[in-house]
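> Structure provided below as structure tokens; questions to follow.
The values are calculated or read from the model by the stated rules, or taken from the named source; none is laboratory data. Here the structure is a predicted model, which means the values were calculated and not measured. Here the Cβ is made from the backbone with ideal geometry for all residues, glycine too, and neighbour counts use every protein chain on show.
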Amino acid sequence: MRPTIAASPLSMTPDELAETRRKAGFQDGATLEAERAEARERVARSYVRAHLPAYREVVKALRGNLAEIERAARRWLRTSDPQRAYERWRGVSRRRADRVAGLYAQVADDGFDGGHAQRLLADAYRRWEELREDLGGEVAADARFSALLVELRDALTAVARVLDEIEHDEELAAGP
């Protein structure tokens, strides 16, 4: 004797099918992806926490270089030949810029995804690079220059805020 198999309704709507799958313990793709993304971010935050001094050093170096650029740009305008003053400064500032780039490379080029904190830092670093590329003797006279400085400072503040959150995250302090 053959066991009888319960007949399944052939005409289930997509909503009914989804509800039946949910009751059976299946999760939809969006929920699974959200859980995976949350787990990746948690691992990334743990990684950033383990390397927090390096991340903070990059933010500090970017802030310092930004302040140096702002002071120098104002000085260039006060000279008789702003472009020449800029060219002299650029030669001297290359080492400091290379140091900032080296610090950033240490946290960015290790092949590990630092999550949201890493993306914010990468955005701030990219803005800093673009600012350095657009420098010239009379850049301080351009209103856009001041706006770029403010945007970059805001980006660095956002990175510092996320680093503070990671540092004070009790779940990360407990560890896995």
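> Of the residues ALA147, ALA143, ALA105, ALA97, which single one is surrounded by fewer than 18 Cβ atoms within 10 Å (Cβ to Cβ), without any contact (Cβ under 8 Å) to a residue 40 or more places away in the chain, aliphatic (A, V, I, L, M) and under 21 Å from VAL162 (Cβ atoms)?
ALA105
> Which residue pairs have Cβ atoms under 7 Å apart, sit 6 or more places apart or on different chains, and have a first residue in the range 53-64 that is in contact (Cβ under 8 Å) with a residue 60 or more places away in the chain and a second that is among the small types (Gly, Ala, Ser) and buried (at least 21 other Cβ atoms within 10 Å of the Cβ)?
Listed by first residue and then by second, the contacts come to TYR55/ALA117; LEU62/ALA124.
> Could you tell me whether the range 112-121 includes any residue that is surrounded by 17 or more Cβ atoms within 10 Å (Cβ to Cβ), closer than 20 Å to TYR86 by Cα and at pLDDT 90 or above?
No.
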